[in-house]
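Just below is one structure, and these are the notes that go with it.
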């Protein structure tokens, strides 16, 4: 299940090849984990360990960039907010990737975006 989420997030780097996400609102749930801090840069090669820790509820944070944000909720909810720098074609392709990874898309207004 985690791999599906990771594949979806890693595909953001296809839409935004020079994407660097930043940690925002870091909340360590497991007090033994202290490898990340707010505003740390998360590149493609660093994303897997952090996302696994988020999904396993060891830490919580948002991953933000001027173009896209990734927010996490309870029970493996993940919210991806495209802000700018994307095309409709890339979003349609991205929706297919989400489905191919066994994840679901809920068509709702964006309520988790701040």
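Every number here is computed from the coordinates shown, using simple stated rules; none is lab data. Small disclaimer: the values here were computed from a predicted structure and weren't measured. Because the Cβ atoms are built from the backbone with ideal geometry, glycine has one as well, and the counts that use them run over all protein chains shown.
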Q. So what's the angle, to the nearest 10 degrees on a 0 to 90 scale, between helix 88-100 and the longest Cα principal axis of the chain?
A. 60 degrees
Q: Please label the shape of the range 43-114 as rounded, prolate or oblate, based on the square roots a ≥ b ≥ c of the eigenvalues of the alpha-carbon gyration tensor (a/c under 1.5 means rounded; beyond that, a/b larger than b/c means prolate, else oblate).
A: rounded
Q | Helix-only [θ]222 nm of the chain, DSSP H runs n ≥ 4, -39500 (n - 2.57) each, per residue, nearest 500 | A | -8500 deg cm²/dmol
Q.
Just want the ordering: 2, 66, from fewest to most Cβ atoms lying within 10 Å of their own Cβ.
A. 66, 2
Q: Averaging sequence separations of C-alpha pairs under 8 Å and six or more residues apart, then dividing by the length of the chain, give the relative contact order as a whole percent.
A: 26 percent
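Ranked by Cβ crowding within 10 angstrom, fewest neighbours first, how are 92, 98 ordered?
Fewest-to-most ranking of 92, 98: 92, 98.
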Q: Whole Å is fine, so just give me how far the alpha carbon centre of the range 21-44 lies from that of the range 66-104.
A: 21 Å
Q: Could you tell me which of rounded, prolate or oblate describes the range 2-100, using a ≥ b ≥ c as the square roots of the eigenvalues of the alpha-carbon gyration tensor, with rounded for a/c under 1.5 and, failing that, prolate when a/b is larger than b/c and oblate otherwise?
A: prolate
Q: Would you order 90, 18 from fewest to most other beta-carbon atoms within 10 Å of each residue's own beta-carbon?
A: 18, 90
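Report the full-extension gain for the segment residue 74 to residue 60: residue separation times 0.36 nm, less the Cα-Cα distance, to one decimal in nm.
4.0 nm
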